[in-house]
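Here the structure comes first, spelled out in structure tokens, and everything after it is commentary.
The values are calculated or read from the model by the stated rules, or taken from the named source; none is laboratory data. Bear in mind the structure is a predicted one, so any value in this text is a computation, not a measurement. For neighbour counting, all protein chains shown are included, and Cβ atoms are generated from backbone atoms with ideal geometry for every residue, glycine included.
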């Protein structure tokens, strides 16, 4: 699984749990220090340990996924016990990301499209976009009856529209997604409530950053700065903060200006 890269939203959750693990170890060390040498030494250990934990989280760029045989056994067990949309979407993602079985993942999700579940549709659209099938992804996303009322569907449509160069339309989708997410929150992913909260914050921050990229391409720099700042304030990890577009966005802006 070398070279596997998680999406930034998932990576953020992993980094937070990594920090919490290190912070827990630090707290235990502080408690032992307090028992042996007193409060002043304990505070010193805590301060130093928490600082090191945060730095370690910031510089951590990736996490190794489980071994394939472990993932396969877990997938088989989960799908035999639960056939909910959340479980199916997770199964498809594991097929695609862990096992590089794009055809199987797409086929699985397409079988459940008639149910119009937003999560399954979003997952399929995201995979199709990554496979370079942007127009097919957009068609599937727009065909869903929840296309204009589900935050994740709207955000994924924004990703596709931005990919094919329809920047104003993408910005509109991102803006609508953010407004709906603030009103109704994101659909529950089936994760623990704390993980769900982290995912929600991470996805909202990502959409703010994507909207900022659109504004940058459209040369509305004050609006872009506001959106970058809004996204950054939701993220505890400074390494995921954004103040400017990625190089690819800069090239897109130059291309648009030359037309």
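For segment 19-32, a residue qualifies if it is surrounded by fewer than 16 Cβ atoms within 10 Å (Cβ to Cβ) and more than 16 Å from residue 44 (Cα to Cα), and the qualifying residues are 20, 21. Within segment 87-120, being in contact (Cβ under 8 Å) with a residue 24 or more places away in the chain and part of a loop (DSSP other than H, G, I, E, B) holds for 99, 112, 116, 117.
Being under 22 Å from residue 154 (Cα atoms), over 19 Å from the mean Cα position of the chain (by Cα) and exposed (fewer than 14 other Cβ atoms within 10 Å of the Cβ), is that true of even one residue in segment 70-78? Looking for residues that are under 22 Å from residue 154 (Cα atoms), over 19 Å from the mean Cα position of the chain (by Cα) and exposed (fewer than 14 other Cβ atoms within 10 Å of the Cβ), one finds none in segment 70-78, hence no. Residues of segment 222-253 that are at pLDDT below 95 and not in a loop (DSSP other than H, G, I, E, B): 247, 248, 249, 250, 251, 252, 253. The numbered conditions (1) within 23 Å of residue 143 (Cβ to Cβ); (2) in contact (Cβ under 8 Å) with a residue 12 or more places away in the chain; (3) touching a helix residue (DSSP H, G or I) at 6+ places or on another chain (Cβ under 7 Å); (4) surrounded by fewer than 17 Cβ atoms within 10 Å (Cβ to Cβ) are all true for residue 123 except (4). Taken over segment 85-116, the criterion of being farther than 23 Å from residue 132 by Cα and either touching a strand residue (DSSP E or B) at 6+ places or on another chain (Cβ under 8 Å) or surrounded by 13 or more Cβ atoms within 10 Å (Cβ to Cβ) (or both) is satisfied by 85, 86, 87.
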